[in-house]
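Worksheet: one structure, shown below.
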Amino acid sequence: MSGTYLGMPSFPQAAADSTRDMRLRGNLRHATHTIRAKRAQAVEELGDWAELREAGAALKERTLRHLDHYLEQLEAAVTAAGGVVHWAADADDANRIVTGLVRETGESEVVKVKSMATQEIGLNEALAKAGISAYETDLAELIVQLGDDLPSHILVPAIHRNRDQIRDIFRKQMGSWGRAAPEGLSDDPAELAEAARLHLREKFLNAKVGISGANFMVAETGTLVVVESEGNGRMCLTLPETLISVVGIEKTVPTWQDLEVFLQTLPRSSTAERMNPYTSTWTGTTDDDGPSAFHLVLLDNGRTDALADTVGRQALRCIRCSACLNVCPVYERAGGHAYGSPYPGPIGAILTPQLRGVQSDLDASLPYASSLCGACYDVCPVAIDIPEVLVHLRERVVEGGTAVVRGQKTTIKPAKGHAAERALMRAARWAFDHPRAMRAGQRLAARGRRFTPRRLPVTAAGKAWSASRDLPRPAPQSFRDWWRHTHRDGGGSGARGTGKESAE
């Protein structure tokens, strides 16, 4: 695994490889089931969880409808507090802005925290090309970085690694990135955490530039909020002289009061905690307290396009709790790397195709990375109807149509490889519009049910569909025929027509 998503195969191809990795599947099963059980217990403690969920969804939806207003309010508040706001239309813009800001300081190293948006834009790679080293300080992100790996989970990026693997990574790689791991390091969690603490402490104390993301941005005050469990965020946000925060525009909330809802739902849905151990807030700059220079890079990178989609925009409500990943049977078996995005799991399957489009084979395959079981919707603390958006995006992949791309209405061509699916759906639509033809087809299928094959004909589409399921045999009679037989001439109590043919 190399530290980039470029050139990733489509989800079915990547998942075919990852599902054969039994060690990976074991790690994922143990971790997701543990987090899932703890989350359920934490949520049950609140008698008003349903109301909090509804409130969170309503707050996010209202903010998205008026996002232009709140972003302008946020910019004015940040500027008044001594910060500088930069607008980044896409990944290239954001990388250019951040690289330029770091160069202006004269530094060649930065420390990072809470930076999913920077993973999305490939900031570490852009900084490396400019001769700037970026050090991840979250423990799981550190493991991923030292292992030249990619994150596979929103909350626990190294969820695919076990203690033995982490020990080996620390022993082999820590020394080349800074302070080496202690001699004789074991796989004991306390020893591993202490090795990471000693390694990172040197980075914190020497860093002059910090780069962060944010969980929330409060428009009325220009305040940014980071919630985390390790304390590395507090170090990155207070010790460097310059702080650069790269944040997606959808992270905006109107007021401080709105945080009340999310600071209850986010920790319980993510880490199963009643509250986060560390909640850090900062507003611009303050003399002799924290960084003397603060820059906020507001990232679009496809979010405005998603906002224009009345069905898909609900993905922008996401508060990155990862609860949907922990209940998803597809994620549990395939793992996060198969999604080819910093946003894996159900939320990634609807967010990534909206941010990047559905033109590539990988992005066109993501809406199909789901069984549509609905468990993701049930646990989402902001009530994102992920199955609804998945079906919506599948239609876009198969049928094409009009969508907003880079701010412009664009006609998207249907993705390749779906011609048979389109033909079948159009045939079904015609049949449903012609009842007589529908009845004739049902009767013909019933009479020939003994000859129904278990597999579809060996075409690309048929083989793919039949690879994991049998073709169901038609019923011995249609519902219409059953109803006519059992209620003929207005008689019958439902007992007629239930002989051998119906019971077969």
Extension gain residue 41-residue 378, at 0.36 nm per residue separation less the Cα-Cα distance, in nm?
119.8 nm
At a probe radius of 1.4 Å, what is the per-residue accessible area of residue 424, in Å² to the nearest 10?
120
Cβ-Cβ cut-off under 10 Å around residue 42, Lys and Arg +1, Asp and Glu -1: the net charge is +1
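Greater than 23 Å separation of Cα atoms is the criterion. Which listed pairs, 114/172; 112/208; 60/208; 172/203; 38/60, meet it? Intermediate values should be presented prior to the final figure.
Numbers: 114/172 25 Å; 112/208 12 Å; 60/208 35 Å; 172/203 19 Å; 38/60 26 Å.
Table pairs above 23 Å Cα-Cα are 114/172; 60/208; 38/60.
Check each of the trypsin sites (Lys or Arg not before Pro) in the range 19-74 and keep only those in coil by DSSP with at most 15 other C-beta atoms within 10 angstrom; list them in order. Could the numbers behind the result be given before it?
Numbers: sites: 20, 23, 25, 29, 36, 38, 39, 53, 60, 62, 65; in loops: 20.
Answer in residue order: 20.
If DNA, RNA and ligands are ignored and the probe is 1.4 Å, what is the ranking of 432, 451, 294 by accessible area, most exposed first?
Reading off the accessible areas and sorting them downward yields 451, 432, 294.
If I require 15 Å or longer along the helix axis, counting alpha carbons, and a Kyte-Doolittle average no lower than -0.5, what helices from the chain are left? Use full DSSP H segments.
Values: long enough: 22-44 (33 Å, -0.86); 49-65 (24 Å, -0.66); 67-80 (19 Å, 0.13); 91-105 (22 Å, -0.30); 163-177 (20 Å, -1.32); 189-206 (26 Å, -0.36); 259-270 (16 Å, 0.25); 345-356 (16 Å, 0.47); 386-399 (19 Å, 0.33); 419-433 (21 Å, -0.14); 435-447 (18 Å, -0.82).
Qualifying helices: 67-80, 91-105, 189-206, 259-270, 345-356, 386-399, 419-433.
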With every protein chain kept in place and a 1.4 Å probe, the range 195-346 has an accessible area per residue in Å² of 31
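Tell me, Kirkwood radius of the range 90-158 from alpha-carbon pair distances, in Å?
Evaluated on the range 90-158, it is 12.4 Å.
Among DSSP bridges having both ends in the chain, what percentage is antiparallel? Round to the nearest 5. Provide the component values of the computation, followed by the final result.
On the way: 15 of 40 bridges.
Bridges in the chain that DSSP calls antiparallel: roughly 40 percent.
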Cα-based Rg then Dmax for the range 237-298, in Å, read 13.8, 37
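What translational diffusion coefficient, to the nearest whole µm²/s, does the range 1-144 have by Stokes-Einstein, given a Kirkwood radius computed over alpha-carbon pairs, a temperature of 37 °C and 0.692 mPa s viscosity? Could you put the intermediate results ahead of the total?
Numbers: Rh = 19.7 Å.
Translational D for this selection: 166 µm²/s.
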Which value, in Å², gives the accessible area per residue of the range 13-127 when a 1.4 Å probe is used on the protein heavy atoms?
51
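Assuming 0.36 nm per residue, please report the length gained on full extension of the stretch residue 410 to residue 130 beyond their Cα-Cα distance. Let's see the in-between values first.
Working: separation 280, 0.36 × 280 = 100.80 nm, distance 3.49 nm.
So the extension gain works out to 97.3 nm.
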Counting only protein heavy atoms and leaving out ligands, DNA and RNA, the solvent-accessible surface of residue 438 at a 1.4 Å probe, in Å² to the nearest 10, equals 50
Summed residue charge, Cβ within 14 Å of residue 59's Cβ, Lys/Arg positive, Asp/Glu negative
-1
Compactness of the range 273-423 - radius of gyration and Dmax, Cα, Å
18.1, 68
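Compute the semi-axes of the equivalent ellipsoid of the range 341-475, taking the square root of 5 times each eigenvalue of the Cα gyration tensor, and list them largest first in whole Å. Please list the in-between numbers first.
Details: eigenvalues 205, 69, 49 Å².
Semi-axes (√(5λ), whole Å): 32, 19, 16.
Can you give the Rg to Rh ratio of the chain, both from alpha-carbon atoms, with Rh computed by the Kirkwood formula? Present the calculation step by step, with values, prior to reporting the outcome.
On the way: Rg = 26.3 Å, Rh = 25.1 Å.
A ratio of 1.04.
Going from most exposed to least, what order do 481, 164 have by accessible area with a 1.4 Å probe? Don't jump to the answer; show the numbers that get you there.
On the way: 481 20, 164 60 Å².
Solvent-accessible surface, decreasing: 164, 481.
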What part of the accessible area of the chain, given as a whole %, is carbon or sulfur when the probe is 1.4 angstrom?
52
Given a Förster radius of 45 Å and the C-beta distance between residue 107 and residue 371 as r, what FRET efficiency does 1/(1 + (r/R0)^6) yield to the nearest 0.05?
0.40
Around residue 348, with a cut-off of 12 angstrom between Cβ atoms, what is the net charge of the other residues, counting Lys and Arg +1 and Asp and Glu -1?
0
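Let me check something: with ligands and nucleic acids excluded, how do 108, 341, 370 order by accessible area (1.4 Å probe), largest to smallest?
Details: 108 65, 341 5, 370 35 Å².
The most accessible residue leads, giving 108, 370, 341.
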Pop the C-beta distance of residue 76 and residue 310 into the FRET formula with R0 = 35 Å and round what comes out to the nearest 0.05.
0.75
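The values are calculated or read from the model by the stated rules, or taken from the named source; none is laboratory data. This is a predicted model, so every value here is computed, not measured. Note: ideal-geometry Cβ built from the backbone for every residue, glycine included; neighbour counts use all protein chains shown. Quick note on the areas: whole protein, heavy atoms, side chains included, nothing else; ligands and nucleic acids left out. Shrake-Rupley method; radii C 1.70, N 1.55, O 1.52, S 1.80 Å.
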